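First the structure, in the form of structure tokens, and then the observations on it.
The values are calculated or read from the model by the stated rules, or taken from the named source; none is laboratory data. Predicted model, so just to flag it, every value in this text is computed and none were measured. Note that each Cβ is placed from the backbone with ideal geometry, even for glycine, and that neighbours are counted across all protein chains shown.
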Amino acid sequence: MRFGKKGKFSPRFIRPYRILRRVGRIAYELELPSGLESVHPVFHVSMQRKCVGDPSWVVPVEDIQITKELSYKETPVAILDRQVYKLRTKQVASVKVLWRNKNREEVTWETNDGMRSKYHHLFHTPG
């Protein structure tokens with residue numbers, strides 16, 4: 001059964017599922033969601049991969065406000081750094097942004113003007 005895309009772009013693995021029981025010596029029954037009821041829940045060990053959870057990637061569900069479309073809006077928490085790129089004819093100011101629900105390793109560089117227009121409260125005026 002294909003999940004989403006066809007051909008070489010079809011996903012090799014969907015996501016981790018909990019093992020319910022061992023079936024024989026080389027197969028396991030998995031707890032599949034209701035959307036996959038047409039798929040037989042018993043899989044050979046060669047079709048499975050070990051999933052080692054990384055606790056630093058776990059985000060508490062209560063901290064994320066999920067919309068009806070199952071998405072959420074990222075909001076910036078702080079500006080960590082500033083930088084100016086010098087091009088041939090102009091200079092582009094950028095800021096390093098720490099986003100809510102992201103680790104420090106997942107910060108992004110955004111344009112200074114774009115961030116200032118949307119999130120002016122993050123920019124402190126000297127005074």
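Miscellaneous remarks
- Qualifying positions in segment 40-54 - assigned to a loop (DSSP other than H, G, I, E, B) and of a type outside the set (A, V, I, L, M, F, W, C): His40, Pro41, Gln48, Arg49, Lys50, Gly53, Asp54
- Check on Arg116, without any contact (Cβ under 8 Å) to a residue 12 or more places away in the chain and surrounded by 12 or more Cβ atoms within 10 Å (Cβ to Cβ): yes
- Segment 38-89, residues that are of a type in the set (Gly, Ala, Ser) and either at pLDDT 85 or above or over 16 Å from the mean Cα position of the chain (by Cα) (or both): Ser38, Ser46, Ala78
- Among (1) of a type in the set (A, V, I, L, M, F, W, C); (2) over 26 Å from the mean Cα position of the chain (by Cα); (3) modelled with pLDDT under 90 - the single one Leu32 does not satisfy: (2)
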